[in-house]
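Peer 1: The following block contains the structure, expressed as structure tokens.
The values are calculated or read from the model by the stated rules, or taken from the named source; none is laboratory data. Remember, predicted model here, so these are calculated numbers, not experimental data. Backbone-built Cβ (ideal geometry, glycine too); neighbour counts: all protein chains shown. The accessibility values were calculated without ligands, DNA or RNA, using every heavy atom of the protein model including side chains. Shrake-Rupley method; radii C 1.70, N 1.55, O 1.52, S 1.80 Å.
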Amino acid sequence: MATGSILCVYAHPDDESFGAGGALAAYAAQGVPVDLLCATRGEAGQLGDPPVTTQAQLGAAREAALREAVRLLGFRELILLDHHDGQVQDVPYTTLLREVTDVMRRIRPTTVLCFGPRGIYGHPDHIWTHRAATEAFWRLRGTVPELRRLYYNAVPRDGGYRIIPGPEGTPNTAIAVPPAALEAQLHALGHHAETQLDARGMRQRLAERRPARAYFYRVEPPMPPYETDTELLP
């Protein structure tokens, strides 16, 4: 196993457990430090069906689910920025960029993982965190020698999901997800699924299909055409 560390930059609790969760759990199980920077506590999400909390308590409930999820996935550190769910695009961009840059400079990861330019399905919070994570990576690239790789979440065209244009719909990286890592992902999603119906649906699909790989798009260093990366670390 290659050495290094991974920093994930996402917008909401459960983003870490969807497509990337199994791969990240696999790295963590092999001793690779995996850290998560999450911009919000998800307080604008769903309350469950039937409801299990109130709108006023949803942020606390989703934070608790996130903390349990990162424990199950084996992450090292969770950093919460405490911005409002659904309003990340209203945060001054210089503020968000500074926050992400400060975390990246402190943790000094080998690999940064975030959403791509469309945020998978166009969620403004996803797009805003993508912008900040990507710019922070490029700004620090020359001064933080550990910082070597940048990846976006991606979905294969035959993955049973909507067709996504651009890099997020054309993965060039496939990471093995062993059965134990998939189980960790399913358990993590189970905590998010108590309130979030999307997490419930994703958990059910993963449990039925038992995928053996998770998919990403490697941005830096660029991948040669028609080749596939199989590692998130150098």
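Peer 1: Given the criterion in contact (Cβ under 8 Å) with a residue 60 or more places away in the chain, within 30 Å of residue 51 (Cβ to Cβ) and out of contact with any Pro (no Cβ under 7 Å at 6 or more places or on another chain), identify the matching residue among 214, 207, 199.
Peer 2: Values: 214 fails: within 30 Å of residue 51 (Cβ to Cβ); 207 fails: in contact (Cβ under 8 Å) with a residue 60 or more places away in the chain.
The match here is 199.
Peer 1: Being in contact with a helix residue (DSSP H, G or I) (Cβ under 6 Å, 6 or more places away or on another chain), farther than 24 Å from residue 24 by Cβ and in a helix (DSSP H, G or I), is that true of even one residue in region 77-91?
Peer 2: Keep residues of region 77-91 that are in contact with a helix residue (DSSP H, G or I) (Cβ under 6 Å, 6 or more places away or on another chain), which gives 78-79, 81, 88-89.
Imposing the further condition that a residue be farther than 24 Å from residue 24 by Cβ reduces the set to 89.
Cutting the leftovers down to in a helix (DSSP H, G or I) gives us 89.
Looking for residues that are in contact with a helix residue (DSSP H, G or I) (Cβ under 6 Å, 6 or more places away or on another chain), farther than 24 Å from residue 24 by Cβ and in a helix (DSSP H, G or I), one finds at least one in region 77-91, hence yes.
Peer 1: Evaluate the following for residue 48: is it in contact (Cβ under 8 Å) with a residue 12 or more places away in the chain, open to solvent by less than 60 Å² (accessible area, probe 1.4 Å) and more than 15 Å from the chain's Cα centre (by Cα)? Full working, then the answer.
Peer 2: On the way: in contact (Cβ under 8 Å) with a residue 12 or more places away in the chain: yes; open to solvent by less than 60 Å² (accessible area, probe 1.4 Å): yes; more than 15 Å from the chain's Cα centre (by Cα): yes.
Taking the combined requirement at face value, the residue satisfies it.
Peer 1: Evaluate the following for residue 226: is it modelled with pLDDT under 95, out of contact with any Pro (no Cβ under 7 Å at 6 or more places or on another chain) and either under 26 Å from residue 42 (Cα atoms) or outside any loop (DSSP other than H, G, I, E, B) (or both)? First the steps, then the outcome.
Peer 2: Working: modelled with pLDDT under 95: yes; out of contact with any Pro (no Cβ under 7 Å at 6 or more places or on another chain): yes; either under 26 Å from residue 42 (Cα atoms) or outside any loop (DSSP other than H, G, I, E, B) (or both): no.
No.
Peer 1: What number goes with the only condition from (1) modelled with pLDDT under 95; (2) small (Gly, Ala, Ser); (3) in a strand (DSSP E or B) that residue 2 does not pass?
Peer 2: Residue 2 satisfies every listed condition except (3).
Peer 1: Here are some residues: 194, 183, 220. Which one is of a type in the set (Asp, Glu) and either touching a Lys or Arg at 6+ places or on another chain (Cβ under 6 Å) or more than 18 Å from residue 14 (Cβ to Cβ) (or both)?
Peer 2: 220
Peer 1: Kindly indicate whether residue 139 is without any contact (Cβ under 8 Å) to a residue 60 or more places away in the chain, at positive phi, of a type outside the set (Gly, Ala, Ser) and open to solvent by 10 Å² or more (accessible area, probe 1.4 Å). First the steps, then the outcome.
Peer 2: Working: without any contact (Cβ under 8 Å) to a residue 60 or more places away in the chain: yes; at positive phi: no; of a type outside the set (Gly, Ala, Ser): yes; open to solvent by 10 Å² or more (accessible area, probe 1.4 Å): yes.
No.
Peer 1: If I go through region 159-203 residue by residue, how many of them are of a type in the set (Gly, Ala, Ser) and surrounded by fewer than 19 Cβ atoms within 10 Å (Cβ to Cβ)?
Peer 2: Pass one, region 159-203, residues of a type in the set (Gly, Ala, Ser): 159-160, 166, 169, 174, 176, 180-181, 184, 188, 190, 193, 199, 201.
Then drop every residue that is not surrounded by fewer than 19 Cβ atoms within 10 Å (Cβ to Cβ), which leaves 159-160, 166, 174, 176, 180, 190, 201.
Of the residues in region 159-203, 8 are of a type in the set (Gly, Ala, Ser) and surrounded by fewer than 19 Cβ atoms within 10 Å (Cβ to Cβ).
Peer 1: If you don't mind, another one. Hey, among 98, 62, which residue is open to solvent by less than 50 Å² (accessible area, probe 1.4 Å), farther than 25 Å from residue 169 by Cβ and of a type in the set (Lys, Arg)?
Peer 2: Details: 98 fails: open to solvent by less than 50 Å² (accessible area, probe 1.4 Å).
Result of the check over 98, 62: 62.
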